[in-house]
Amino acid sequence: MTALLLIAALWAPDAGVAAAAADGGAPEAAKPLEPSGPPPKVEMTCAPQPVRVGDALTCTLVIDHRADVTVKVVAPSGAARKGEPTPAEPAPGGGLRSTRELVLKPFGLKDVKIRGFQVVWQETGGYEGRVDVPAIRVPVKSMLAGQAEPDFRTFAKPPEGDAEGFFSRHGPLPFVVTNWPLIIGLIVLGALLVGVGVGVAIKRWLAGREVDEGPFEDPRPAHVIAYERIERLQGEDLFSQGQAKQYYFRLSEIVRDYMGRRYGFDALEMTTEQIRAALQTEVLSVEAGVAVREFLEETDLVKFADFAPADDGGDTVLRMARGLIELTRAADVAPAAAPAPEGGA
């Protein structure tokens, strides 16, 4: 009896699978990642308010988050990061607190508008979310704000007996002195600019008399040009510097330019579907067709779908590009053998 129960238990899962297959059922699709807890709380304060023209405006981000969460700040345009990110510290209500500082400098009397940006947070389980930081506006005041008469009315000497009070109210004033070195320097600079303008005009006139031979066309094979450009791109090390999207754009342009040179169409101005349709007239191997499709789809995800590649994504897409070129490159043409010398009589 015991042996029969063991056999039934062992065969029960297979029977369930067989029943599901008979009913035409399919395995349930993987569910998207969900956060395991609340998102971080972000507060931003900027000081000083108002800020003087030319002084630094420091905006401090305080991010309270869980211990299993890492945060990254996507700074707005015009703002610079102040120092290196400091390690997270224990937050008063539990969890951790990360602090980031951004610096801006106003150079006009218009209010400083800090556009809204995002704080990206990621759990150790893989879920990634974003918290929006709303835009704020900080007023700007002039260097002489608060003075009853901030404008200088004269460059003459201060009144007799009130020099100390005058300078304390307005600051030191320069006396009227002819600055001959500055005047001479401006005259020389003006003469140089006129000379440069005349030289540019002459150069353009001479260039207009030349015959345009058209744009330079590199006579080398398409795969040689592509490999050379890939080597230069790899040397710039954009991916490890956090410029993954720029890296994918550049590599996609190199491969599209290669396919245009190789098959004779303008791939740089075509969509992925147009390129694949254009290649249908070419005799491609199955491996080459798969390589083209996978490379175009991989780069489109990052370029247009705001998809963040993995840490090894740069090496992966680089191998895909090299493999595509190797599978579709034109065969090397061996140089013709020199004719054998005729034998003497």
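Please treat every number below as a calculation from the coordinates, not as lab data. Bear in mind that the values here come from a model prediction, so they are computed numbers and not experimental data. As a convention, Cβ positions derive from the backbone with ideal geometry for all residues, glycine included, and neighbour counts pool all protein chains shown.
Annotations
- Scoring 80-88, 53-61 by mean Cβ neighbours within 10 Å over their residues and listing the highest first yields 53-61, 80-88.
- Summary of the geometry: the range 259-315 and the range 79-94, compared by the centres of their Cα atoms, lie 41 Å apart.
- A Förster radius of 45 Å, combined with the Cβ-Cβ distance separating Tyr263 from Glu84, puts the computed FRET efficiency at roughly 0.40.
- Gyration tensor verdict on the range 41-141 (Cα atoms; rounded if a/c is under 1.5, prolate if a/b is larger than b/c, oblate otherwise): prolate
- A simple spin-label model places pseudo-atoms 7 Å from Cα toward Cβ; at Gln49 and Ser240 they are separated by 4.2 nm.
- Sorted on the mean count of surrounding Cβ atoms within 10 Å across their residues, most packed first, peptides 131-140, 286-295 read 286-295, 131-140.
- Order by protection proxy (mean Cβ within 10 Å, highest first), peptides 255-266, 232-243: 255-266, 232-243
- For Val69, no residue 5 or more places off, or on another chain, has a built amide H under 5 Å of its own.
- Converting phi to 3J(HN,Hα) with the Karplus coefficients 6.51, -1.76 and 1.60 and the offset θ = phi - 60°, the range 249-261 yields 4, 5, 5, 4, 5, 4, 5, 5, 4, 4, 5, x, 5 Hz in sequence order, with x at every glycine or proline.
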